[in-house]
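The values are calculated or read from the model by the stated rules, or taken from the named source; none is laboratory data. Here the structure is a predicted model, which means the values were calculated and not measured. In this analysis, Cβ positions are derived from the backbone assuming ideal geometry, glycine residues included, and neighbour counts consider all displayed protein chains. Just so you know, the surface numbers come from the protein's heavy atoms only, side chains and all, with ligands and any DNA or RNA stripped out. Shrake-Rupley method; radii C 1.70, N 1.55, O 1.52, S 1.80 Å.
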Amino acid sequence: MGREMRELDRQDGDAGHNVQLTVDRTLQAFTMARLHEESAAAVILEVTTGDILAIASTPSFDPNLFVRGISVTDFNELRENIYRPMSNKSVQGAYPPGSTFKMVTALAAFDAGLATPEERVYCPGHVEIAGRRFHCWNRSGHGRVNLVTALSESCDIYFYDMAQRVGIDRINAMSHRLGLGVRYDLPFSSMSEGLNPSREWKRERRGAEWLVGDTVNASIGQGFVLSTPLQLAVMTARLATNRAVLPRLVRAINGEETAVPEYAPLGLSPAAMSLVKRGMWECSNHTRGTAYSSRIVQDGMRMCGKTGTSQVFSITAAERASGIRSQDQLPWNRRNHALFVGFGPDPDPRYAVSVVVEHGGGGSSAAAPIGRDLMLAAQAGGLPPIEAYPQPQRNRIESMLREISERIGPLDTPASGRGRA
């Protein structure tokens, strides 16, 4: 019953170390409040140091329930919750990265000298490969697109074409180079490695040979490819810096700062990196970009981004016959995952952000707005400035920020700098 009857013996414990994390308490609180009741995860990194400023997974739960032994009712409620509150989705959740992976395919092609900046690929809305029809998300097609436009408007056909040129071996190597498929040395109880598929992997795990269709699917972050939100944030930091940035969680031990390593250059062509960054900039800032509705309008705070929508299940013929045409008509757990990655401010980025909303439907509508808010909060050191949002959105955003403030209280930052956890 928790009552102390008498003390039989006492063994004093040894004092442990005082550990200071890189996590920014203000940004962590805002991130958790912004995700709120979504089944989602988000990570924010400093791009030069790799410091993890926020790492959030929602919904959360009250750990005090376990202090004196959790009741069967409470435990079953947590265990049976379809939103999986006891899973740390930021490092344990592995998701198809969807179109947030397209920068990998593009850089694999440019690094191998198999693509040029001026080259355009015609997108009619679909393409036949090995006897199978592969569709672009835009069924009417994008017309003739170069890399910048393909990233901005997320044209699938362009990357199908690149995939057939470079093959899975180069895509696999570039994916690893950008930090995907890696289990990082961080003090978490469990971390997923994700999946960076290869010919050898399929032969060993599936007992089958790699097919050209597998490469085509992988080129847009589908098929066998799986990534965690932390890995996607690392990838984005590497794109921002062209360096092999690693994530850091421990800032100091007993008051002694842990050294920030000098991260090695990735060695990717500055010209190719410039094109990729331009494509991501237009994704967030061009009128036809898939993240344009989540743009930042304040100079000095704009970001470069990329949306992603990863398919979980296809709408079956029977469902179409019954009148189901869109994602929001499907049960929650059969809808697409929504993703967004971005770095900013442009042109001198300091922060990288990744967002995954489980079964959110679309990256543009569900994940990109969250990514923008987190990027602005990181730059502002508190609530995002309302002036950074497009004028027609400000009334709605003000209402949302008021709700966040009520949930978490004042977001104060110590005068000496960011408040670390």
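Looking across the range 263-302, the residues that are in contact with a Lys or Arg (Cβ under 7 Å, 6 or more places away or on another chain), under 22 Å from LEU374 (Cα atoms) and either crowded, with 20+ Cβ neighbours inside 10 Å or among the hydrophobic types (A, V, I, L, M, F, W, C) (or both) come down to MET280, CYS283, SER284, SER294, ILE296.
Within the range 244-262, can you find the residues that are more than 20 Å from PRO97 (Cβ to Cβ) and surrounded by 18 or more Cβ atoms within 10 Å (Cβ to Cβ)? Residues satisfying the conditions are ARG248, LEU249, ARG251. Within the range 406-413, is there a residue that is surrounded by 10 or more Cβ atoms within 10 Å (Cβ to Cβ), modelled with pLDDT of 90 or more and part of a helix (DSSP H, G or I)? Within the range 406-413, not a single residue is surrounded by 10 or more Cβ atoms within 10 Å (Cβ to Cβ), modelled with pLDDT of 90 or more and part of a helix (DSSP H, G or I). With the structure loaded, tell me whether PHE101 is aromatic (Phe, Trp, Tyr) and under 17 Å from the mean Cα position of the chain (by Cα) or whether it fails that test. Yes: the conditions hold for PHE101. Yes or no: ALA367 buried (at least 24 other Cβ atoms within 10 Å of the Cβ) and either under 18 Å from THR26 (Cβ atoms) or in contact with a Gly (Cβ under 7 Å, 6 or more places away or on another chain) (or both)? So ALA367 fits the description; yes. When the test is whether a residue is among the hydroxyl-bearing types (Ser, Thr, Tyr), under 23 Å from ARG25 (Cα atoms) and open to solvent by less than 20 Å² (accessible area, probe 1.4 Å), SER354 passes it. When the helices (runs of 4 or more DSSP H) confined to the range 15-115 are screened for residues that are surrounded by fewer than 17 Cβ atoms within 10 Å (Cβ to Cβ) and without any contact (Cβ under 8 Å) to a residue 60 or more places away in the chain, those reaching at least 1 such residues are found at 72-80.
Of all the numbered requirements in (1) among the aromatic types (Phe, Trp, Tyr); (2) touching a helix residue (DSSP H, G or I) at 6+ places or on another chain (Cβ under 7 Å); (3) farther than 20 Å from LYS277 by Cβ, PHE110 misses one, and that requirement is (3).
Within the range 238-262, the set of residues being at positive phi and either free of Cβ contacts under 8 Å to residues at least 40 places away in the same chain or not in a loop (DSSP other than H, G, I, E, B) (or both) comprises ASN242 only.
If you go through the range 202-223 and keep only what is open to solvent by 40 Å² or more (accessible area, probe 1.4 Å) and either in contact with a helix residue (DSSP H, G or I) (Cβ under 9 Å, 6 or more places away or on another chain) or hydrophobic (A, V, I, L, M, F, W, C) (or both), you end up with GLU209, LEU211, VAL212, GLY223.
Residues checked against (1) at pLDDT 95 or above; (2) within 19 Å of the chain's Cα centre (by Cα); (3) aliphatic (A, V, I, L, M); (4) assigned to a helix (DSSP H, G or I):
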residue	(1), (2), (3), (4)
VAL276	yes, yes, yes, yes
SER293	yes, yes, no, yes
GLN298	yes, no, no, no
THR307	yes, yes, no, no
VAL312	no, yes, yes, no
ARG325	no, no, no, no
PHE343	yes, yes, no, no
VAL353	yes, yes, yes, no
